[in-house]
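Written out below as structure tokens is the structure these notes cover.
Nothing in this text is a laboratory measurement; each read-out follows from the coordinates by a stated rule. Keep in mind that what you see is a predicted model, and the values were worked out from it rather than measured. Heads up, the Cβs are rebuilt from the backbone with ideal geometry, glycines too, and the neighbour counts pull from every protein chain shown.
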């Protein structure tokens, strides 16, 4: 369970795309931050990756949310890492998602 005063999302068993020995990260035009997408179903993962034309080699699963989040860096270089759940494309290009983690430093 991600425990935030504003958001309570259980990411246990959520899926994430994997390529080149690391999670697939997304970039969005509105921010320099990197986004790690988690998906509640395989169908949601394959659909958004297909729509965005983003390749991936495998799919991994979160088994311990606390350990998973602790294993990730807050920053990659100088870029902030954010974890999002079930991103979708609205109007063909705008991304909607629930954010469950953002580096605060």
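Site pair residue 29 and residue 63 shows an inter-label distance of 4.1 nm when each label is modelled 7 Å from Cα along Cα→Cβ. Where only DSSP H runs of four or more residues are counted, the chain gives -4500 deg cm²/dmol as its mean residue ellipticity at 222 nm, each run worth -39500 (n - 2.57). Computed from the C-beta positions of residue 46 and residue 78 and an R0 of 25 Å, the FRET efficiency is 0.20 to the nearest 0.05.
Figure the gain on full extension for residue 90 and residue 20 (residue separation times 0.36 nm, minus the Cα-Cα span) and round it to one decimal in nm.
Between residue 90 and residue 20, full extension yields an extra 22.4 nm.
For the pair residue 70 and residue 53 in one chain, pulling the backbone fully straight at 0.36 nm per residue adds 3.2 nm over the alpha carbon distance.
Looking only at segment 21-96, where both bridge partners belong to it, what percent of the DSSP beta bridges are antiparallel (to the nearest 5)?
60 percent
Considering the chain at the alpha-carbon level, its Rg and Dmax are found to be 13.0, 35 Å.
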